[in-house]
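Q: Handing you this structure, nothing more for now.
Computed from the coordinates by the stated procedures, all read-outs in this text should not be read as laboratory data. Because the structure is a prediction, the values reported are computed rather than measured. Positions of Cβ are backbone-derived with ideal geometry, glycine not excepted, and every protein chain shown enters the neighbour counts.
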Amino acid sequence: MPGPHRMIPPGTPEQPARPGTFRRIVTIFKPYKGKVAFVALLILITSGIGLINPLLIRVVFDDVIGGSGPRDDRMQLLFLVTGAMVLTPIIGGLLGLWQTYTNNVVGQSVMQDLRNSLYSHLQNMPLKFFTSTRTGEIQSRLSNDVGGVQGVLTDTASSLLANMTTVISTIVTMFILSWELTVLSLAILPVFLVLSRKVGKVRREVSGQTQESLADLTAIMQETLSVSGILLSKSFGRQNYEIDRFRKENRRLSKLEVKRTMIGRGFFALVQIFFSITPAFVYLVAGWIFLNNPGAGITFGTIVTFTTLQSRLFFPLGQLLNVNVEVQSGLALFDRIFEYLDMEHEIIDRDGAIELTPAETSGRVRFNDVWFRYERQSGDGTGDKRLWTISGVDFTAEPGELVALVGPSGAGKTTLTYLIPRLYDVDRGAVQIDGIDVRDIRLESVGEILGVVTQETYLFNTTVRDNLRYGNPDATDAELEEAARAAHIYDRIMELPDGFDTTVGERGYRMSGGEKQRLAIARVILKDPRVLILDEATSALDTHSERLVQEALRPLMQGRTTIAIAHRLSTILAADKILYLDRGRILERGSHADLLTAGGAYAELYHRQFSDGRVETRCEDGLVLASGEVVQESLG
Ligand code: ATP
């Protein structure tokens, strides 16, 4: 089953690292430059310390064992040298530990910064981004990709410097000891350099694919292991299908991981073999020189020191050659992170946008010849043929008025309500609050003025209290109770095992649909917004539940401007204005009575949905309206 369309293709590994990736990585480290410099210093010191012992070996061989001075002096020298040989690794080890600690602190701080900036960047992304990107993909970038760069930050970057200093200092020392043997030992190095570039490229490609596969796997898990996902797969008996899908992706991931590891290790093994073999050549040549030309100046000490140095060279040099391979994998991850960080927010505060507090807002909402369309997806044949989703919509909701939006499915009612909180920006015209274009009001202010109750109530998996406080973090317990009572949910909350401290379950699944809605209403009551946007649930609540929700809504709507996508007759009847929307246009507007008399599209919809408007008198559970009608079905 193909995943939904992705807004941005994941980091395509074939592309070269974007220009500036490396520079940007350096910028990330800027706040920690002091610590980085300290790590560098420690690396230099430990590398220097590492050189001491091999050189001391030479002293032991040439000046102590093979020396010509007095025995006592040589004994003293031996104690001194071996004492130093014991001391230096201890100091080196301790400094190394200090370096690893500081290095990790820096690495983790950088990761923390990356995660923070990625998360805040994502919080401010427009709704469009979330409707077109899989949640799992987003989560994967935030956790897997940022997690993946840790190795590059803490290991690769520091090992680069450590290895470089070790390699350079060792080669220089080797050169001083015997340039001939040095050339012999390192002649094949350029071949490895070329090889490492090639291997690095492949590794980067595989890394990109691995992260992609990881994102796919995360997306599958996120989609199918959520309450909604599991409900769907269970009710359709598709568990085996989902298991299969998961297994397939999982297998792909494992294969890629093995491939990625093997590419790195394989190369490392090659270097290792080479460096394990070269001492044999050194002994061969040195032995040959020694036997055929004893006066050439190659001493026992030189040979032993040389091969010791050479073996010291193997690991860092191997790693250094491998660094390119590692860095390439790291760049693939950074590219994926930067790709998200570079995405524009689009819907942002304009320059000079004003603050508007709910207290100084009367709540007049005006749609001034508003035109809007969703972005078309070109090229893949799925583009919407309809030119405009909203066409020339013009109306005013006066302070305190209730405006009901009705119309067939897909007419654009929800879209219209999205334009007020700037979930999308209009293409033409303007949405105004108190005569000010919403784009000229700070987004945060708009958020404070508006309260939204949607069809699908979203609750966090935390306590009832915390969910309610989301509407107003400063609300007192008394205010919470008052809001819960007003929303007709207080008694139900008190029946829960821990009252207000009961956890509502994932997405509130432990609550019934009606209870969730009433909780959402209480949440908005606590927020006390000037303008209320209400998307009435179409899902058939039983009449008792419906009545409770209805009763909860009544105090909520009082004293504020309400724009309601109305599915219930009671809302429609209570509305000051009804706007009948079809294909993004307002076809009819007026009161219920006016529109019925006009006998147009609204009247037709009304008659179709409400059994010819016949007045029914129902049992006590039915919601008795002022007109004496009973709401049973929903409109819209
Ligand atoms: P309903 O009563 O069924 O909820 P509605 O009147 O609220 O319908 P909208 O949800 O506003 O209708 O949708 C209006 C049109 O815009 C529909 O044709 C829908 O397919 C399309 N649409 C909605 N959301 C998007 C989106 N994110 N991207 C592209 N098109 C969209």
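Q: Measure nothing but the geometry: give the 0 to 90° angle between the long axis through the Cα atoms of 157-177 and the longest principal axis through the Cα atoms of the chain, rounded to 10°.
A: Orientation of helix 157-177: about 10 degrees from the principal axis.
Q: Note down the relative contact order for the chain as a percent, whole number, built from C-alpha pairs under 8 angstrom at least six residues apart.
A: After rounding, I find 14 percent.
Q: What angle do you read, to the nearest 10 degrees and between 0 and 90, between the alpha-carbon axis of helix 513-527 and the longest principal axis of the chain?
A: 80 degrees
Q: Now a separate question. Please order Phe22, Phe267, Phe500 by the number of other Cβ within 10 Å, starting at the fewest.
A: Final ranking by Cβ density, sparse to dense: Phe22, Phe500, Phe267.
Q: With r defined as the distance between the Cβ atoms of Glu604 and His345 and R0 fixed at 35 Å, what FRET efficiency is calculated, to the nearest 0.05?
A: Computed FRET efficiency for Glu604 and His345: 0.20.
Q: Taking the Cα centre of the chain as origin, work out the dipole magnitude from +1 charges on Lys and Arg Cβ and -1 charges on Asp and Glu Cβ, in debye rounded to 20.
A: 2720 debye
Q: Does anyone have the angle between helix 33-58 and the longest principal axis of the chain? Alpha-carbon axes, 0 to 90°, nearest 10?
A: 20 degrees
Q: Around Tyr470, under 13 Å between beta carbons, what's the net of Lys plus Arg minus Asp minus Glu among the other residues?
A: Surrounding charge for Tyr470 is +2.
Q: Once you've got the Cα coordinates, tell me which of Lys198/Lys255; Lys413/Lys516; Lys128/Lys527; Lys128/Lys201; Lys35/Lys128 are over 31 Å apart.
A: Check vs 31 Å cut-off fails for Lys128/Lys201; Lys35/Lys128.
Q: A further question follows. On a straight-distance basis, which aspartates and glutamates could pair with Lys234 in a cross-link, Cα separation under 20 angstrom, same-chain partners fewer than 8 positions away excluded?
A: Partners within reach: Glu223, Glu242, Asp244, Glu506.
Q: Assuming R0 = 60 Å, can you tell me the calculated FRET efficiency for the pair Ile168 and Glu360, based on Cβ-Cβ distance, to the nearest 0.05?
A: Efficiency, from the Cβ-Cβ distance: 0.30.
Q: With r as the distance between the Cβ atoms of Gln239 and Lys259 and R0 = 45 Å, compute the FRET efficiency 1/(1 + (r/R0)^6) and round to 0.05.
A: Plugging the Cβ-Cβ distance into 1/(1 + (r/R0)^6) gives 0.90.
Q: I would also like to ask the following. Could you tally the net charge around Arg252, taking each other residue with its Cβ under 12 Å from the Cβ of Arg252, Lys/Arg +1 and Asp/Glu -1?
A: For residues surrounding Arg252, the net value is +2.
Q: Still on this structure: With a 10 Å Cβ neighbour count serving as the proxy for reagent exposure, in which order, fewest first, do Asp491, Asp427, Asp434 appear?
A: Fewest-to-most Cβ neighbours within 10 Å comes out as Asp491, Asp427, Asp434.
Q: Computed from the mean reciprocal separation of all distinct C-alpha pairs, what Kirkwood hydrodynamic radius does the range 378-493 have, in Å?
A: 17.6 Å
Q: Please report the antiparallel percentage of the DSSP beta bridges confined to the chain, to the nearest 5.
A: Of those bridges, close to 50 percent are antiparallel.
Q: Sorted by mean Cβ packing within 10 Å, highest first, what order do the peptides 548-556, 391-399, 280-288 take?
A: The densest-packed peptide leads the list: 548-556, 391-399, 280-288.
Q: Summing -39500 (n - 2.57) over the DSSP H runs of n ≥ 4 in the chain and dividing by its residue number, what mean residue ellipticity at 222 nm do you reach, to the nearest 500 deg cm²/dmol?
A: -19000 deg cm²/dmol
Q: Would you mind calculating the gained length between Arg247 and Leu193 on full extension (0.36 nm times residue separation, minus the Cα-Cα distance), in nm to one decimal?
A: In short, 15.6 nm is gained.
Q: Further, regarding this structure: Using a 10 Å cut-off around each Cβ, can you sort Ile138, Ile65 from fewest to most neighbouring Cβ atoms?
A: Sorted ascending by nearby Cβ count, the order is Ile65, Ile138.
Q: Once you place label points 7 Å from the Cα toward the Cβ at Ile52 and Leu97, how far apart are they in nm?
A: 1.7 nm
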